[in-house]
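First comes the structure, then the notes that go with it.
The values are calculated or read from the model by the stated rules, or taken from the named source; none is laboratory data. Since the model is a prediction, treat every value here as computed from it, not as a measurement. Cβ: placed from backbone, ideal geometry, glycine included. Neighbour counts: every protein chain shown. To get the accessible areas, we keep the full protein, side chains included, count just its heavy atoms, and leave off ligands, DNA and RNA. Shrake-Rupley method; radii C 1.70, N 1.55, O 1.52, S 1.80 Å.
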Amino acid sequence: MTIDVTAERVIPLPRESVAAYAMDWRHDADWTQGIRTAELTREADGGGFGVGAEVTRTAHFLGRRIDYVLRVAAYDPPGLLDMVSVAGPMPMHVTYTFEPHADGTLARIRVRGGNGGFYRLAAPLLARQVRGNLAKDLRDLQARLVEQE
């Protein structure tokens, strides 16, 4: 993997409410940079959203349309949502974690991926862009949640 980027932010709200919103794929386009649509295209083995479920996202990144599918590899609310790409232009691993913090919730997003071709050559630019997007995602997540309070 050529990219490994993490962003974190303390959000002044309870972990349960932050995680419930952020882990709900129906909100992906509301707070995640570049995502235009997100759709649950495969339910978990027990139904609904959980391990094995797949979410298909359509995004725009660096001026390009990207369609990709993330499969839930681990799901332990309110602390962890871990997803791996099973279809798309590059391998990707996205991990959301939510930890209790004295001032609310420490929200963290980690993205790993992007080996091969264009992505290997553009890794430094891509990492910088992803880091900026993740930081904005967490700011937007906080803004959405605070306005709902």
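Which of the chymotrypsin sites (Phe, Trp or Tyr not before Pro) found in segment 1-76 are in a DSSP loop and have at most 12 neighbouring Cβ atoms, other than their own, within 10 Å? Provide the component values of the computation, followed by the final result.
Details: sites: Tyr21, Trp25, Trp31, Phe49, Phe61, Tyr68, Tyr75; in loops: Phe49.
Qualifying residues, ordered by number: none.
With each label point set 7 Å from Cα along the Cα-Cβ vector, what nm distance links Asp4 and Ala143?
Computed distance between label sites Asp4 and Ala143 equals 3.2 nm.
Once ligands and nucleic acids are excluded and a 1.4 Å probe is used, how much of His101 is accessible, expressed in Å² to the nearest 10?
70
If you scale each eigenvalue of the Cα gyration tensor by 5 and take the root, what three semi-axes come out for the chain, rounded to whole angstrom and sorted largest first? Let's see the in-between values first.
On the way: eigenvalues 111, 71, 38 Å².
Rounded to whole Å, the semi-axes are 24, 19, 14.
Using only Cα atoms, find the angle between the long axis of helix 123-148 and the longest principal axis of the chain, and express it within 0 to 90 degrees, rounded to the nearest 10.
Approximately 30 degrees, to the nearest 10.
Which listed residue (Leu134, Pro89, Thr105) has the Cα farthest towards the positive end of the charge dipole for the chain, taking +1 on Lys and Arg C-beta and -1 on Asp and Glu C-beta about the Cα centre?
Pro89
Can you tell me the length gained on complete extension of the stretch Tyr68 to Ala87, counting 0.36 nm per residue apart and subtracting the Cα distance? Can you show the working numbers first?
Numbers: separation 19, 0.36 × 19 = 6.84 nm, distance 0.53 nm.
Taking 0.36 nm per residue and subtracting the Cα distance, the gain is 6.3 nm.
How much accessible area per residue does the chain have, counting only protein heavy atoms and a probe of 1.4 Å, in square angstrom? Show your work: numbers first, answer last.
Values: 7530 Å² over 149 residues.
Ligands and nucleic acids excluded, the result is 51 Å² per residue.
Report, in whole Å, the centroid distance computed from the Cα atoms of segment 84-107 and segment 1-69.
Cα centroid to Cα centroid, the span is 8 Å.
Relative contact order, percent, of segment 6-145 when contacts are C-alpha pairs under 8 Å separated by at least 6 residues? Could the numbers behind the result be given before it?
On the way: 285 pairs, mean separation 38.2, N = 140.
Rounded, it is 27 percent for segment 6-145.
Please work out how much length the chain gains when fully extended from Gln33 to Ala20, using 0.36 nm per residue of separation minus the C-alpha to C-alpha distance, in nm with one decimal. Could the numbers behind the result be given before it?
Numbers: separation 13, 0.36 × 13 = 4.68 nm, distance 1.87 nm.
Roughly 2.8 nm would be gained on extension.
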